[in-house]
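Notes follow once the structure below has been shown.
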Amino acid sequence: MAPDPTIAQVTMTLAALAATGATPRPSGETLEQQTERIITGINAQLRDPSLATQNAWKLVWLALSEGNANMAYVAQSTNGSNEFAVVARGTDADLIDILEDLEVGTVVPFPESGSPKPIAVSKGAMDAFKRVVNARSIASPSPNVTLAQALAVALKAAPSSPQPTVYLTGHSLGGCIATMLAPYLQAQTWPKQPKFAVITYAAPTAGVQSFVDYFNSVPWVIDERQNNAYDLVPHAWADLDITAGWYPSPGPQATEEVKLLIGAISERTKGNVYVQPGTLCLMNTGYTSLDKSLVNKTTQDFLGQVAFQHANSTYLDLVGAPDVPSPPVVTDVSPTFGAPGDTVTINGTGFSQDSMVDFGHFACTKRDVDPSGIRITAQVPNGTGVVHVRVTNTLGTSPAVAMGQFAYGGPAPVVVSGVSPNNGKVGTPVTISGSGFADGATVHFKDKASDSVRFVSTGQIIATAPGLLDDHQTVNITVTVGKATSPTSPADEFTYTGR
């Protein structure tokens, strides 16, 4: 028999489930449709005995705020432990999206906290908090009620013994919101008085010293701020500047562009001094959990490593919990250009029979999902231009990827998906893989054109690394066909090792 999961494993899993269906379907869906999709996806995962939640929790309330801005849900244990979890959805995106979620240049009062003294939080955190507490569920299991109302109903129906425990949790922005929901809920009167526990993951700061003083004075039964030591996000907004000195060997080290970006984002506080509430619990000491494909000293690699260090999957790994099921992933499409009515094969992972396909903002009405879950055959809908082909199901929506583009009418999008070798001296022949290549294409290593380019196929070119002023740097390799040039990404990086 498997050992009982720790509370960290359970709460981090519940926090990760909040990301289910977070991206609206690209062709559009109503708030009700997205809410139903999220509920279906979370319910399916809560029933999964292989996750740390071990099929011992059920969903009792969920609400999505207008514009898909925020989401929260309430889950209840079904194993007799009389536990509840209030979970706020976070942000699992790139650095700029994460840190621009909150307006921190202005602080506002937080009277909902129950504090007898005035306390202040950032306006952005307050806006997110209000959206969560005012949101009403629009679907079962508890329609047309707020979070507090749903929790009151659930507590009233719960047994008196053992005393109920309510966990406030969330990852990223969800953790920030959880630190505000905790005093708000703790200050209220309940049908059966529960104990309150706060466990957050990767949470940026919500408020200033007055907020922290009150938060720390509340007698939580558990108070843990769980952070990956190499996650940039929890340093917002208390000490974000120190992250400009990251990452230790093997990297990536911050470029000057990254340092300027972090400095500019830090200045968004406009002099407000933010402080982290609660008890810091560092989840690691060494820099051992990293994406080894993102270690070059480039802005792309640094931001990519930031996203990896902040990801739900990294935090689940750090607490020793199984990863939650992944949403669909599109790896490539074939062919990459054509006309409405053509047949396109979509390759990837995580495709299910309920998967829906979109070409940009246009919905595909005819598609066939292979039972293997790695292939979809779709009929191209009406559309124009170059679009991303994406797949949506109850777990989520596939991210837009360069190799998943489709060009109406052609020519094929020019994309570099890999280079081999990815390091070498001047004169090294480099095999470039991708799509949309043509005879006569030019290849640039940073801003220097290769003087030896051999076209092999529409998916492969061999080019010799030209000499640069600095032959000890990492550069992007781009391919130009006609007027189209491939976008840059970590996949096209080449590191010079000298002459």
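The values are calculated or read from the model by the stated rules, or taken from the named source; none is laboratory data. Just so it is clear, the model here is predicted, and its values are computed rather than measured. No Cβ is skipped: glycine too gets one built from the backbone with ideal geometry, and neighbour counts run over all protein chains shown.
In table form, for the structure just shown:
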| read-out | value |
| --- | --- |
| Residue match in the range 464-484 (condition: closer than 30 Å to Ala16 by Cβ, in contact with a strand residue (DSSP E or B) (Cβ under 9 Å, 6 or more places away or on another chain), of a type in the set (Gly, Ala, Ser) and buried (at least 21 other Cβ atoms within 10 Å of the Cβ)) | no |
| Residue ID - modelled with the highest pLDDT, chosen from residues in the range 106-132 that are over 18 Å from Val212 (Cα atoms) and surrounded by fewer than 19 Cβ atoms within 10 Å (Cβ to Cβ) | Lys130 |
| Filter result (among the aliphatic types (A, V, I, L, M) and touching a strand residue (DSSP E or B) at 6+ places or on another chain (Cβ under 6 Å)) within the range 197-219 | Ala197, Val198, Ile199, Ala202, Ala206, Val208, Val212 |
| Answer residue from the range 60-82, given it is within 22 Å of the chain's Cα centre (by Cα) and among the aliphatic types (A, V, I, L, M) and is modelled with the lowest pLDDT among those | Ala69 |
| Out of Ser420, Ser452, sole residue that is of a type outside the set (A, V, I, L, M, F, W, C) and within 36 Å of the chain's Cα centre (by Cα) | Ser420 |
| So Thr255, is it touching a Phe, Trp or Tyr at 6+ places or on another chain (Cβ under 7 Å) and among the hydroxyl-bearing types (Ser, Thr, Tyr) | yes |
| Of the criteria (1) touching a residue at least 60 places away in the same chain (Cβ under 8 Å); (2) in contact with an Asp or Glu (Cβ under 7 Å, 6 or more places away or on another chain), which one Val430 fails | (2) |
| Any chance Ala307 is assigned to a helix (DSSP H, G or I) and of a type outside the set (Val, Ile, Thr) | yes |
| Residue within the range 390-406 that is over 29 Å from the mean Cα position of the chain (by Cα), farther than 24 Å from Val295 by Cβ, surrounded by 14 or more Cβ atoms within 10 Å (Cβ to Cβ) and modelled with pLDDT of 95 or more present | no |
| Some residue of the range 278-300 being crowded, with 18+ Cβ neighbours inside 10 Å, under 30 Å from Ser50 (Cβ atoms), within 18 Å of the chain's Cα centre (by Cα) and in contact (Cβ under 8 Å) with a residue 40 or more places away in the chain | yes |
| Among residues of the range 83-105, those that are modelled with pLDDT under 95 and either of a type in the set (Asp, Glu) or not assigned by TED's automatic domain parsing to the domain that holds Asp301 (or both), counted | 6 |
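One line per residue, one yes/no per condition, for (1) part of a strand (DSSP E or B); (2) on the phi < 0 side of the Ramachandran plot; (3) aliphatic (A, V, I, L, M):
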site	(1), (2), (3)
Ile346	yes, yes, yes
Asp358	yes, yes, no
Thr365	no, yes, no
Thr377	yes, yes, no
His388	yes, yes, no
Val391	yes, yes, yes
Met403	no, yes, yes
